[in-house]
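**Q** Please see the structure below; I have some questions.
Computed from the coordinates by the stated procedures, all read-outs in this text should not be read as laboratory data. Keep in mind it's a predicted model, so treat the numbers as computed, not measured. No Cβ is skipped: glycine too gets one built from the backbone with ideal geometry, and neighbour counts run over all protein chains shown.
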Amino acid sequence: MTMTALAADNPFASAWTTPFGLPPFVAIRPEHLAPAMHAALAEQMAEIEAIANDPAPPSFANVIEALERGGEALDRSAGVFYNLSGADTNEALQAIERDMAPVMARHYSIIGMHAKLFARVDALYARRHELDLTPEQARVLDLTWKSFVRSGARLNDADKARLKAINERLSTLGTQFSQNVLKDEASYALILDSEADLAGLPDFLRSAMAKAAEERGHPGKHAVTLPRSVVEPFLTFSSRRDLRATVRKAWDARGANGGETDNGAIVAEMVKLRAEKAKLLGYRSFAHFKLDDTMAKEPGAVRGLLDLVWEPAKRRAAEEAADLAALARAEGQNDPIESWDWHYYSEKVRSARFALDEATLKPYIQLDRIVDAAFDCASKLFGLVFRERPDLEGYHADVRIWEVSGADGRHVGLFLGDYFARPSKRSGAWMSAYRRQDKLDGEVRPIIVNVCNFTRPADGQPALLSIDEARTLFHEFGHALHGLLSDVTYPSVAGTSVSRDFVELPSQLYEHWFMTPEVMGRYCVHAVTGDPMPRALMDKVKAAQTFNQGFGTIEYTSSALIDMAFHELEEPVDIDPAAFQAAELKRIGMPAQIGMRHKTPHFTHVFSGDGYSAGYYSYLWSEVMDADAFDAFREAGDVFDKATADRLKRFIYSAGNSRDPAELYTAFRGRMPTPRALLEKRGLAAA
């Protein structure tokens, strides 16, 4: 559809003629994006009014399918904009993001509370059993109706107005929260001048830090910046305790440095507004509201799972802390173990216990080969073929693009990989879609992107990953496969459009394949010698997987518990987030030597939007399923067993949200899992 409200030279003014409908990134400039989104918002609102005022009796076709077809222009423009604002932002994009946040929230509130439109949806829902719908259509109708109800469609006019105001304010605050964290991360660099400052650092980290310093105008020096891919190895290897403390404190202080980028007041207002929103919609707390349409259903189920691992993890962490303290004393360090000591001494303990150290291991884990390994697993499991297309242009020079085909040669989609950290990219790793799959009006194939923050190597050197980073790559590619393999009719239930505590199953499950001898033996090849990783070293890596799991479980679970505590507040009260966090950590007995994985002022999962609010637990919830799901392949005697892979593709990776997630998991596995496999995977099960 031509968008006549746009200037002719705006790339969003007409259909894209690029290969596969890839966004024409080279032609898109910041000044194109706001006009494109405003025009698209107006177009969608016209579509909404046409559906709401259709004189024909409501039918699945003229209401639900019409809604599914609507908003195509907005999907295009907003899809490009929000991907760029996360992966390659600048001041112009950030200004647009701030301006558009309340506009987008207002737009979706108007749709979700549209009385005439909801009346038509409600009429269909009331006679849903008479409509002779397919199972997918019935699911789409059910989800659509619930979405309107959860958006406030049944509220009175005064409450609708208040909810609209809350949604706009929350959107503005979430955008500011995210931008504040990015500013703190991008502006920080600890410049190291002397060889003494580099004590203990391996060559791969030194070279990356030298490049970072040069990029910041300090040639010949080294810089510690704040991507996790730099911070964690620095804390692991630096023998300078004073510098480790400086870096750890800078890492913890993101979003809490005072001044214009401080997120304390933002968090306080968001928590209060979320509690008020839940009350308006008839829920006890925001956690009750968010969990109502998830697998967990209510906060008690989440608390039950988190409590299940919390006490065993604390016991294990206490044992680990004692080991670290003993080693530290043996080396003359008699002060208590602090959060900036844990990585350093745990690496020494791991090296001694398993004859395994990160500096020896990392040359075997080259980024390009791990990408190939992820593709090869997808080929063996699902018959996919990946062909790199250097002729296709991404949004940044780092971006690589692959055409994905099925075993029969049919086009499956495009996959974009953006792997290196840079100041214009927010921290973390994620999957997103420029276009989702659907079959409503002919086959539409997806365009999927993985964004990571691995350390850029020195010129001419291969990019090396840690074991955890390799697993992150597999994790995000599992999300990508969930988008690429989607095979549903309706776009609203395509790909990763599933409940938050189910969406991590395809990603976390995919991590398991990296750790198999079949994959590591073929793809973990030394960057210098070309020798494959010896089987003895692979066995050590496997044996070490439950090492330090007390620490790992505590740093994750504490963040999930704080998330729940904020959002189980039943009244919209004023709080001091820092004091609230401290009191809650004291109540649950947080070990002093372990820092939360995400402290509140930079907890972007939870406060840069509503995505994982009252939902950070979902990684653990999905881990219950992923541990059990991979056992299906072990039980079959082949990690690439075809029959099991076919069921996995049909019921997990291709099904989207076309059926209830518990029903889908049961169809794949024959039953729902128990937490036993999770406890065993983490080494926390009682003997």
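**Q** For Leu201, which sequence-distant residues (separation of 5 or more, or a different chain) have an amide H within less than 5 Å of its own amide H, given hydrogens modelled in the peptide plane?
**A** The list, which skips near neighbours in sequence, is Ser239.
**Q** Among Gly521, Gln545, Cys377, flag the residue with its Cα farthest along the positive direction of the charge dipole of the range 363-546, charges on Cβ as +1 for Lys/Arg and -1 for Asp/Glu.
**A** It is Gln545, whose Cα lies furthest towards the positive end.
**Q** Could I ask something else about it? Amide H of Phe454 versus every other amide H placed in the peptide plane: which residues, excluding those fewer than 5 positions away on the same chain, fall under 5 Å?
**A** It is Phe420, Ala421, by chain and number.
**Q** Going by a ≥ b ≥ c, the root eigenvalues of the Cα gyration tensor, does the range 481-639 fall in the rounded group (a/c under 1.5), the prolate group (a/b larger than b/c) or the oblate group?
**A** oblate
**Q** Continuing with the same structure: If you rank Ile191, Ile64, Ile467, Ile448 by fewest surrounding Cβ atoms within 10 Å, what's the result?
**A** Ile191, Ile467, Ile64, Ile448
**Q** Expected output is a single nm value to one decimal: the length gained when fully extending between Arg29 and Leu440, i.e. 0.36 nm times separation in residues minus the C-alpha distance. What is it?
**A** 144.8 nm
**Q** Name the aspartates and glutamates eligible as straight-distance cross-link partners of Lys221: C-alpha to C-alpha under 18 Å, and not fewer than 8 places from it in the same chain.
**A** Once the sequence-local aspartates and glutamates are set aside, what remains near Lys221 is Asp193, Glu195, Asp197, Asp203, Asp459.
**Q** Does the range 265-309 come out rounded, prolate or oblate by the C-alpha gyration tensor, with a ≥ b ≥ c the root eigenvalues, rounded set by a/c under 1.5 and, if not, prolate when a/b is larger than b/c and oblate if not?
**A** oblate
**Q** Could you give the alpha-carbon Rg of the chain over 2.2 N^0.38 Å, rounded to two decimals?
**A** Relative to the 2.2 N^0.38 Å estimate, the chain comes out at 0.95.
**Q** Considering only DSSP beta bridges with both partners in the range 363-546, what is the antiparallel share in %, to the nearest 5?
**A** The antiparallel fraction comes to roughly 70 percent.
**Q** What longest range of the chain stays clear of loop-exposed trypsin sites (Lys or Arg not before Pro) (DSSP non-H/G/I/E/B, at most 12 other C-beta within 10 angstrom)?
**A** Excluding the exposed sites themselves, the longest stretch runs over 128-409.
**Q** How large is ³J(HN,Hα) for each residue in the range 224-233, as worked out from phi by the Karplus curve 6.51 cos²θ - 1.76 cosθ + 1.60 (θ = phi - 60°), to whole Hz, x for Gly and Pro?
**A** Values, residue by residue: 8, 10, 10, x, 4, 5, 9, 4, 5, x Hz.
**Q** Of Met672, Met520, how do they rank once you tally other Cβ atoms within 10 Å and put the fewest first?
**A** Taking fewest neighbouring Cβ atoms as first place, the list is Met672, Met520.
**Q** Then there's this: Among Ser507, Ala330, Leu133, pick out the residue whose Cα is farthest towards the positive end of the charge dipole of the chain, where Lys and Arg carry +1 and Asp and Glu carry -1 on C-beta, about the Cα centre.
**A** Towards the positive end, the residue furthest out is Ala330.
**Q** Pull out a ≥ b ≥ c, the square roots of the eigenvalues of the alpha-carbon gyration tensor of the range 363-546, then state rounded if a/c is under 1.5, prolate if not and a/b is larger than b/c, and oblate in the remaining case.
**A** Cα axes put the range 363-546 in the prolate bin.
**Q** Placing +1 at every Lys and Arg Cβ and -1 at every Asp and Glu Cβ, with all other atoms neutral, what dipole size does the chain have around its Cα centre, in debye to the nearest 20?
**A** 800 debye
**Q** Count the DSSP beta bridges whose two residues both fall in the chain, then state the antiparallel fraction as a percent rounded to the nearest 5.
**A** If we restrict to bridges inside the chain, about 75 percent are antiparallel.
**Q** Tabulate in residue order the Karplus-calculated ³J(HN,Hα) for the range 607-612, using 6.51 cos²θ - 1.76 cosθ + 1.60 with θ = phi - 60°, rounded to whole Hz; enter x for Gly and Pro.
**A** Working through the residues one at a time gives 10, 8, x, 8, x, 10 Hz.
**Q** I would also like to ask the following. Val412's amide H: which non-local residues (gap 5+, or another chain) put their own amide H closer than 5 Å, with H modeled 1.01 Å from N in plane and none for Pro or chain starts?
**A** Hits under the 5 Å cutoff: Val404, Ser405, Gly406.
**Q** Run the simple label-point estimate for Arg535 and Ala458 please: 7 Å along Cα→C-beta, distance reported in nm.
**A** Simple spin-label model gives 3.6 nm for this pair.
**Q** Based on Cβ point charges of +1 for Lys and Arg and -1 for Asp and Glu, what charge dipole magnitude is obtained for the range 7-78 about its Cα centre, in debye rounded to the nearest 20?
**A** Charge dipole, the range 7-78, about its Cα centre: 240 debye, nearest 20.
**Q** Using 16 Å as the cut-off for backbone N distance, which residues of the range 66-106 belong to the label zone defined by a point 7 Å from the Cα of Ala50 along Cα→Cβ?
**A** Counting backbone N atoms under 16 Å from the label point, the list is 66-75.
**Q** A follow-up question, please. What are the ³J(HN,Hα) values, in whole Hz, obtained from phi via the Karplus relation 6.51 cos²θ - 1.76 cosθ + 1.60 with θ = phi - 60°, for each residue of the range 423-428 in sequence order, with x given for Gly and Pro?
**A** Those phi angles translate into x, 7, 10, 5, 6, x Hz.
**Q** Moving on. Along the charge dipole of the chain, pointing to its positive end and built from +1/-1 on Cβ of Lys, Arg, Asp and Glu, which listed residue (Asn180, Ala359, Pro446) has its Cα farthest out?
**A** Ala359
**Q** Right, next: If the cut-off is 29 Å between C-alpha atoms, which lysines fall inside it for Lys649, apart from same-chain ones fewer than 8 positions away?
**A** Cross-link targets: Lys146, Lys290, Lys297, Lys380, Lys439, Lys542, Lys681.
**Q** While we're here: Please rank Ile337, Ile365, fewest neighbouring Cβ atoms within 10 Å first, as an exposure proxy.
**A** Ile337, Ile365
**Q** Could I ask something else about it? Summing -39500 (n - 2.57) over the DSSP H runs of n ≥ 4 in the chain and dividing by its residue number, what mean residue ellipticity at 222 nm do you reach, to the nearest 500 deg cm²/dmol?
**A** After summing the helix terms and dividing by the residues of the chain, the value is -17500 deg cm²/dmol.
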